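Undergrad: Have a look at the structure that comes next, please.
The values are calculated or read from the model by the stated rules, or taken from the named source; none is laboratory data. Values in this document were obtained by computation on a predicted structure and should not be read as measured data. Counting neighbours? That spans all protein chains shown, and the Cβs are built from the backbone with ideal geometry, glycine included.
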Amino acid sequence: MGTRPRTSAGEVRGASRLTRRRDVADLVAEARGGALRRTMGLTQLTLLSVGATLGTGIFVVLGQAVPEAGPAVVVSFVLAGITALFSALSYAELAGMIPGAGSSYSYAYATLGELVAWVCGWCLVLEYGVSVAAVAVGWGQYLNELLELTIGWTLPESLAAPPGAGGVLNIPAAAIVVLAMVVLLRGARESAVVNTIMVTVKVTALVLFCAVAFTAFRAGNFQPLFPLGMAGVSAGAASLFFSYIGFDAASTAGEEAKNPQRDLPRAILLSLGLITVLYCAVAIAAVGAMPWQKFAGTEATLSEVLVRSVGGGDLWPVLLSIGAVVATTSVVLAVQYGQTRILFSMARDGLVPPLFATVHPRTGVPRANTVIVSAFVTLLATLVPLGALADATSIGTLFAFALVNCAVLILRRRSPEAPRSFRVPLAPVTCVLGVLCCAYVMWGLGADTWIAFGLWMAVGFAIYALYGIKHSRLNRPAEQEEAVVWSR
């Protein structure tokens, strides 16, 4: 049974429903007494974030970024990593301070009020749910590539692509979402074990790529280092920023971490550091093995770099295609996990139906939540083309990142005495830079993305107005609040 939420000290009777807040102490107490099982240590939490971040992007992203930045694409990776670091530091402070399952949704609820928390949660539904569908579609493409390389056969286009992309149903995309659902239903511990294995495989694949590519390394490929100037470096960094999305996945596991105050900040920062080192190493190896001018006009997958520079026939394409399939699988698993935990928190607060907060007593998993989310994602992955899905994920992510940076500033002022296991260095400057970086990247998004975001938010506001505001736990006076059962 969960603890009863109180309104914060700043609230008074008759205050606007839209600005009412959850008390930080109550959020912490609720997380400690929650129904989810604490089974994850620092390693599992770090690999959860790595699993959600290190996916298909690195296997194809060089084809887009290298023509923009030239050999300085390595600098672009560093700049994109620093941009992500501003938000990662804020996530680390708040995850250690409020170790719940709601991630930035819970942080916004404690600082900016219920309406903004709902907006943040709804953005996270967009980020996590739609990105899982996009990655699942990409998984099907990698699977077909691997089948063609190994057995010379591929799935017919009618069964491997959605309507609008030459097919009828994308069966592989649906299959990987269902497979991830089966793993998640077994429990957080089992899911963490599977994720650890897959992350190990894809990190090994990237290390193998670097080792082989460095045998064909030519220092002259980096001269001049900035052929397209700093404008090219900035353009490359903007393209590469989205390769870092997912480092916040550990923050959704706050109620399943053994020592969340200590391990969550470490996991977020460790995962971002590991990912940045891998990205830079891959970029150095790739450009060192193949002149940057040859990346233009091609997808320039890592396997293509090795074939052009090292040779080896189909060996490297096969090995790296296996790595790509495994990488995509772990992203689907980790991000789908995060989606269910965010909806779990929103349901516990009464903003979405309580079914999403129902935990199975044997596995400790929100079973109905997991099945419903998986069904929704399967439908998207089966019927919607990859481009339309990928374009819809960016803006929700950046909006949530900006809110997290704002939340740190507000809590530093409102609750300076609250326990913090990690503090953002150089705040408030760091947090302000985080907000500005997110705003800058959002400003560069296309009109179609903003229109889609507006329509998504209109649907979200309608759901909040018709359901959330009425059923919110903070809408009930303390003397009338009913007991809430989290499991059955």
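Undergrad: What residue, of Val116, Val182, Val130, Val201, is farther than 29 Å from Phe453 by Cα and either surrounded by 15 or more Cβ atoms within 10 Å (Cβ to Cβ) or touching a Phe, Trp or Tyr at 6+ places or on another chain (Cβ under 8 Å) (or both)?
TA: Val201 is the lone residue from the list that is farther than 29 Å from Phe453 by Cα and either surrounded by 15 or more Cβ atoms within 10 Å (Cβ to Cβ) or touching a Phe, Trp or Tyr at 6+ places or on another chain (Cβ under 8 Å) (or both).
Undergrad: Give Thr150, Thr111 a once-over and let me know the one that is over 20 Å from the mean Cα position of the chain (by Cα) and buried (at least 24 other Cβ atoms within 10 Å of the Cβ).
TA: Thr111
Undergrad: Determine if the range 250-259 includes at least one residue that is polar (S, T, N, Q) and closer than 15 Å to Ile82 by Cα.
TA: Within the range 250-259, none of the residues are polar (S, T, N, Q) and closer than 15 Å to Ile82 by Cα.
Undergrad: Does Arg341 satisfy the condition of being in a helix (DSSP H, G or I), of a type in the set (D, E, K, R) and within 30 Å of Arg17 (Cα to Cα)?
TA: yes
Undergrad: Just name the residue that is farthest from Arg367 (Cα to Cα) out of those in the range 142-186 that are among the charged types (D, E, K, R) and touching a Ser or Thr at 6+ places or on another chain (Cβ under 9 Å).
TA: The extreme case among them is Glu148.
Undergrad: Let me ask something else about it. Residue check, Gly152 against (1) touching a helix residue (DSSP H, G or I) at 6+ places or on another chain (Cβ under 9 Å); (2) farther than 15 Å from Thr328 by Cα, all met but one. Which one?
TA: (1)
Undergrad: Sort out which residues of the range 405-460 are in a loop (DSSP other than H, G, I, E, B), of a type in the set (Lys, Arg) and surrounded by 17 or more Cβ atoms within 10 Å (Cβ to Cβ), and write them in order of number.
TA: Residue satisfying the conditions is Arg420 alone.
Undergrad: Is there any pair with a first residue in the range 312-323 that is closer than 17 Å to Ala216 by Cα and a second that is of a type in the set (Phe, Trp, Tyr) and at pLDDT 80 or above whose Cβ atoms are under 9 Å apart and which are 6 or more apart or on different chains, and what are they?
TA: Trp316/Phe209
Undergrad: Here's something else I'd like to know. If you check every pair at least six apart or on different chains, which have Cβ atoms under 7 Å apart with a residue in the range 337-361 that is at negative phi first and a residue that is of a type in the set (D, E, K, R) second?
TA: Asp349/Arg473; Ala357/Arg348; Thr358/Arg488; His360/Arg367
Undergrad: Here's a follow-up. I'd like the full set of residues that are in contact with a helix residue (DSSP H, G or I) (Cβ under 7 Å, 6 or more places away or on another chain) and among the β-branched types (Val, Ile, Thr), limited to the range 170-189.
TA: Selection gives Ile171, Ile176, Val177, Val178, Val183.
Undergrad: I'm trying to understand the selection: among the residues of the range 19-64, which are in contact with a strand residue (DSSP E or B) (Cβ under 8 Å, 6 or more places away or on another chain) and part of a helix (DSSP H, G or I)?
TA: Leu45, Leu48
Undergrad: Among the residues of the range 209-225 satisfying the criterion of being more than 16 Å from Lys294 (Cα to Cα) and surrounded by 16 or more Cβ atoms within 10 Å (Cβ to Cβ), which is farthest from the chain's Cα centre (by Cα)?
TA: The residue in question is Val212.
Undergrad: Right, something else. Does the range 88-103 include one or more residues that are in contact (Cβ under 8 Å) with a residue 60 or more places away in the chain, of a type outside the set (Phe, Trp, Tyr), surrounded by fewer than 23 Cβ atoms within 10 Å (Cβ to Cβ) and out of contact with any helix residue (DSSP H, G or I) (no Cβ under 6 Å at 6 or more places or on another chain)?
TA: So far as the range 88-103 goes, no, none of its residues is in contact (Cβ under 8 Å) with a residue 60 or more places away in the chain, of a type outside the set (Phe, Trp, Tyr), surrounded by fewer than 23 Cβ atoms within 10 Å (Cβ to Cβ) and out of contact with any helix residue (DSSP H, G or I) (no Cβ under 6 Å at 6 or more places or on another chain).
Undergrad: Same structure, new question: Considering only the range 261-302, state which residues are part of a helix (DSSP H, G or I), among the small types (Gly, Ala, Ser), more than 16 Å from Ala219 (Cα to Cα) and in contact (Cβ under 8 Å) with a residue 40 or more places away in the chain.
TA: Residues satisfying the conditions are Ala267, Ser271.
Undergrad: Looking at Val305, Val310, can you tell me which residue is surrounded by fewer than 18 Cβ atoms within 10 Å (Cβ to Cβ) and either touching a Lys or Arg at 6+ places or on another chain (Cβ under 7 Å) or of a type in the set (A, V, I, L, M) (or both)?
TA: The conditions single out Val310.
Undergrad: Can we say Asp263 is among the acidic types (Asp, Glu) and either within 21 Å of Leu79 (Cα to Cα) or surrounded by fewer than 18 Cβ atoms within 10 Å (Cβ to Cβ) (or both)?
TA: No.
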